[in-house]
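Participant: Have a look at the structure that comes next, please.
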Amino acid sequence: MLELERITARRNELDTLAEELAKQLTEVQAEREELVIAERVLHRPAEQHRAVAAAPPADYRKILAIVRAADGPVQVRAVGEELGLEVTARGKLQPLRAKMTKLADRGRLHKRPDGRYAARSRAKRGGRPTRHNWRSPDGS
């Protein structure tokens, strides 16, 4: 009889423990669901920022459009003329040259050994635009 009482007592302890654990499990699952929602909310601004960072600024898009529309590789001077820049003074083209070099560094253009630039096909870049932060530390 003593053995039966111990078994019954232990079973009651385990039943109580099972109820407590079931309650804890429900609380843990509810908190986990809240954290999943919080994670989604926190990822939204990061996703939006990545989408903005992936698209180059308007002046870079204009340069890309000009180079892509050309029949072949173009000189910086030709792009400057198309943009309406003063191309007679070499120093006036340096900011444009820097932007085109940045596009080449980021895989959007190909800088040839002769100094001319050509458009890269999307297939060579993996079929989609590369993702870069287009702002430099000085804000340009």
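The values are calculated or read from the model by the stated rules, or taken from the named source; none is laboratory data. Computed from a predicted model, the values in this text were never measured in an experiment. All Cβ positions, even for glycine, are placed from backbone atoms using ideal geometry, and neighbour counts span all protein chains on display.
Participant: Does residue 89 satisfy the condition of being hydrophobic (A, V, I, L, M, F, W, C), farther than 18 Å from residue 55 by Cα, out of contact with any strand residue (DSSP E or B) (no Cβ under 9 Å at 6 or more places or on another chain) and at pLDDT below 90? Break it down into steps so the answer makes sense when it comes.
Facilitator: Numbers: hydrophobic (A, V, I, L, M, F, W, C): yes; farther than 18 Å from residue 55 by Cα: yes; out of contact with any strand residue (DSSP E or B) (no Cβ under 9 Å at 6 or more places or on another chain): yes; at pLDDT below 90: yes.
Yes; evaluated as a whole, the condition is true for this residue.
Participant: Here's something else I'd like to know. How about the stretch 27-116: which helices (runs of 4 or more DSSP H) wholly inside it have at least 1 residues that are exposed (fewer than 10 other Cβ atoms within 10 Å of the Cβ) and free of Cβ contacts under 8 Å to residues at least 12 places away in the same chain? Before you say what the answer is, go through the steps one by one.
Facilitator: On the way: elements: 58-69, 76-83, 94-105.
Correct list: 58-69.
Participant: Right, something else. For residue 24, are the conditions met, namely being modelled with pLDDT of 90 or more and touching a Lys or Arg at 6+ places or on another chain (Cβ under 9 Å)? Working first, answer last.
Facilitator: Numbers: modelled with pLDDT of 90 or more: yes; touching a Lys or Arg at 6+ places or on another chain (Cβ under 9 Å): no.
When the stated conditions are applied, residue 24 does not pass them.
Participant: Here's a follow-up. Take the stretch 79-117 and flag every residue that is more than 25 Å from the chain's Cα centre (by Cα) and of a type in the set (Asp, Glu).
Facilitator: Selection gives 81, 82, 86, 114.
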